[in-house]
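**Q** So that we are looking at the same thing, I have put the structure below in structure tokens.
Derivation of every value follows stated rules applied to the coordinates shown; laboratory data play no part. From a predicted model like this one, the values you see are computed outputs, not experimental measurements. Cβ sites come from the backbone with ideal geometry, for glycine too, and all protein chains shown count toward neighbours.
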Amino acid sequence: MAATGHIAVIDIGKTNAKVVLVDADDLHEIDVRTMRNIVLHTPPYPHFDVEALWNFITVSLAGLHAAHGIGAISVTAHGASAALIDENGGLAAPVLDYEHPGPEALANEYDAIRPPFEETGSPRLPGGLNLGAQIYWQFKTIPGLFERTRGIFTYPQYWGFRLTGNACNEVSSLGCHTDLWDPYRADYSSMVGALRWTEKFMPIRRADEVLGGISADVAQQTGLPPGTRVYCGIHDSNASLLPYILANDEPFSVISTGTWVIVMTVDGKDVALDPKRDTLVNVSARGQRVPSARFMGGREFERMMQGRTSVFSEDDVDQVLQKNAMLLPSVETSSGPFPGRPMKWSCAPETLSAGERAVVVSFYLAMMTVVCMELTGSRGRVFLEGAMAANSAYGRMLSAASSQDVVCSQGTGTSYGAALLATPHPLSTRNWEMVFDGARSDVMRSYALKWKNG
């Protein structure tokens, strides 16, 4: 059932959380509330402050409803997180921060039981980035947790549970490098059954199903009408992908940029994914297998700029190209297409102006993205979402180095995709506001070739 009125999208990212109000008629953003996603470094391990998030969500819903009105709620959240729920509906254990290295302590033990890449399309990742690894570690190291846990919820669906009291899981989160899902059989992986976890997972529902109405308590806290519909919800990268699946019949790739830069290719070239290079099979909201690759591009950009301005001029671009000033992989060595390879500069970075440094780092991110595109068999048009969509140095190098048109999709992204669960509009081409077509292609392609050989 399509929503009427405004749609409130709860968008829990790894770095920031948002509640975005979207108009159901044309899907433009009306208003937004934002907070930092806080990690508490207290026992038993670093974990997300879900109660601060919950307070933020309810206060934001109340404010947005009072100002504009809310007709429905949709949820999207980052992957690699799950909520373990006890018999009273509370957390049986805190929601682990997936960057915590704790699960590495049982890596050898876990590696002996995890399914092969050929079954799950899920590469072995560090820390808790494989959701199966973190749940295994939690059950093994916290006494009685397995027995106390009555339900395992994928993260977007946990927030739907908080809103409605209704329980479910959903395939785009289950299929996100978790080791828990077999995308070829569209069922839980062999490990889930072997560890007797199957009965603890909630029933699977489609992302665009109505999970239920908000509970009486939530209605009282927020002032929303009792029974306001809440949709099942979706993994955030797959929320970015959904509009293009609905709008395209030809091969394409979507690049979602935030803390992570994630390349997702639909109907691309036939390639053999390399699990050692952080490639994986994502699962779309429709259950499709989507070859994907990723690296922590947003985190890398922040690390390399160290608070400097990211503003640059055309002269800065020219200077970087003339100098062949380069940053080579990898800034974050624990993930991405060049794991374990330390970064290096082709020049002394202190000789670069702030603007030139911003261009060099932008070119680095573009080249890392192109490698991810090649690994996933990208062909056809490329849609660029998120923080890097406004970075012209990134977009132009991306287009020149890949020889593909890059379309910056302004006004779409995770919140837009999550809103589509409640009102399935086709993606309007009015949102395709900028196209990079390989301008300066010769000099940029020369730079790209030197980078690849560097």
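**Q** Taking the Cα atoms only, what angle lies between the long axis of helix 354-375 and the longest principal axis of the chain, rounded to 10 degrees?
**A** 70
**Q** Taking R0 as 22 Å, what FRET efficiency do you get between E109 and T42 from their Cβ-Cβ distance, rounded to the nearest 0.05? The partial results should precede the final answer.
**A** On the way: r = 26 Å, r/R0 = 1.19.
Efficiency for this residue pair is about 0.25.
**Q** Run the simple label-point estimate for R150 and H68 please: 7 Å along Cα→C-beta, distance reported in nm.
**A** With each label placed 7 Å out from Cα toward Cβ, I get 3.7 nm.
**Q** Pick out, from M264, I245, N282, the residue whose Cα sits farthest towards the positive end of the charge dipole of the stretch 237-452, with +1 on the Cβ of Lys and Arg and -1 on the Cβ of Asp and Glu.
**A** N282
**Q** For labels at T141 and D274 in the simple 7 Å Cα→Cβ model, what's the distance in nm?
**A** The modelled label-to-label distance comes out at 3.1 nm.
**Q** Quick one: Karplus J couplings for the stretch 333-344, per residue in order, coefficients 6.51, -1.76, 1.60, θ = phi - 60°, nearest Hz, x for Gly and Pro?
**A** Values per residue, Gly and Pro as x: 8, 8, 8, x, x, 10, x, x, 8, x, 6, 8 Hz.
**Q** Please state, to two decimals, what the Cα-based radius of gyration of the stretch 6-232 comes to when divided by 2.2 N^0.38 Å (N = residues).
**A** Working: Rg = 17.7 Å, N = 227, 2.2 N^0.38 = 17.3 Å.
So the stretch 6-232 has a normalised radius of gyration of 1.02.
**Q** Can you give the angle from 0 to 90° between the axis of helix 131-141 and the longest principal axis of the chain, with both taken from C-alpha atoms, to the nearest 10?
**A** It works out to around 50 degrees.
**Q** Output ³J(HN,Hα) for the stretch 103-120: one whole-Hz value per residue in order, computed from phi by the Karplus curve 6.51 cos²θ - 1.76 cosθ + 1.60 with θ = phi - 60°, and x for Gly and Pro.
**A** x, 4, 4, 10, 4, 5, 5, 5, 4, 6, 10, 5, x, x, 4, 5, 8, 10
**Q** Can you compute the label reach from T198? Point 7 Å from Cα along the Cβ direction, backbone N cut-off under 13 Å, restricted to the stretch 114-153.
**A** Of the residues in the stretch 114-153, none has backbone N under 13 Å from the label point off T198.
**Q** If you average the alpha carbon positions of the stretch 354-422 and of the stretch 113-156, how far apart do those two centres end up, in angstrom?
**A** Using only Cα atoms, the two centres lie 31 Å from each other.
**Q** Using the count of nearby Cβ atoms within 10 Å as a rough guide to exposure, how do H65, H78 rank from fewest to most? Intermediate results must be reported in sequence, preceding the final value.
**A** On the way: H65 19, H78 25.
Taking fewest neighbouring Cβ atoms as first place, the list is H65, H78.
**Q** Share of antiparallel DSSP beta bridges in the stretch 6-232, in percent to the nearest 5? Display every interim value, and only then the final one.
**A** Values: 27 of 37 bridges.
Roughly 75 percent of the DSSP beta bridges within the stretch 6-232 come out antiparallel.
**Q** Angle, helix 50-67 long axis vs. longest principal axis of the chain, Cα atoms, 0 to 90°, nearest 10?
**A** Approximately 90 degrees, to the nearest ten.
**Q** Roughly how many nanometres apart are two label points built 7 Å out from the Cα toward the Cβ at N55 and K323?
**A** 4.7
**Q** Next up: Count the lysine pairs in the stretch 237-452 that are 8 or more places apart or on different chains: how many have C-alpha atoms under 16 angstrom apart?
**A** Details: K323/K344; K323/K450; K344/K450; K344/K452.
Pairs that pass both the separation and distance tests number 4.
**Q** Shifting gears a bit: Using a ≥ b ≥ c from the Cα gyration tensor of the stretch 355-422 (square roots of the eigenvalues), is it rounded, prolate or oblate, where a/c under 1.5 gives rounded and otherwise the larger of a/b and b/c decides, a/b for prolate? Show your work: numbers first, answer last.
**A** On the way: a/c = 2.32, a/b = 1.41, b/c = 1.64.
Taking the square roots of the gyration eigenvalues as a ≥ b ≥ c, the stretch 355-422 is oblate.
**Q** Excluding Q306 itself, what net charge comes from residues whose Cβ is under 14 Å from its Cβ, given Lys and Arg +1 and Asp and Glu -1? Before the final figure, lay out each step's value.
**A** Working: positive: R299, R303, R308, R357; negative: E300, E302, E350.
So the environment of Q306 carries a net charge of +1.
**Q** Oh, and also: Taking every DSSP beta bridge with both residues inside the chain, roughly what % is antiparallel (nearest 5)?
**A** Values: 48 of 69 bridges.
Of all bridge pairs located within the chain, approximately 70 percent are antiparallel.
**Q** Could you give the length gained by full extension between N16 and A186, i.e. 0.36 nm per residue of separation minus their alpha carbon distance, to one decimal place? Write down the numbers at each step before the final one.
**A** Values: separation 170, 0.36 × 170 = 61.20 nm, distance 3.12 nm.
That works out to 58.1 nm of additional length.
**Q** Turning to a different aspect of this structure: Give me the dipole magnitude in Debye, nearest 20, for the chain about the Cα centre, with unit charges on the beta carbon: positive for Lys and Arg, negative for Asp and Glu. Please list the in-between numbers first.
**A** Details: 37 positive and 48 negative charges, 124 e Å.
For the chain, the charge dipole is close to 600 debye.
**Q** I would also like to ask the following. What label, among [x] 22.2, 69; [y] 21.6, 64; [z] 21.5, 75, belongs to Rg and Dmax of the Cα atoms in Å computed from the structure on display?
**A** [y]
**Q** Something else: Evaluate the Debye formula for the stretch 237-452 with equal point scatterers sitting on the alpha carbons, no solvent, and hand back log10 of I(q)/I(0) at q = 0.12 Å⁻¹, in q order, two decimals.
**A** -0.59
**Q** With only Lys, Arg, Asp and Glu charged, each at its Cβ (+1 for the first two, -1 for the last two), find how big the charge dipole of the stretch 237-452 is about the Cα centre; round to the nearest 20 debye. Please report the intermediate quantities before stating the final value.
**A** Details: 21 positive and 21 negative charges, 104 e Å.
So the magnitude is around 500 debye.
**Q** Please state the equivalent ellipsoid semi-axes for the stretch 271-374: what are the square roots of 5 times the Cα gyration tensor eigenvalues, largest first, in whole Å?
**A** Values: eigenvalues 174, 40, 30 Å².
So the equivalent ellipsoid measures 30, 14, 12 Å along its semi-axes.
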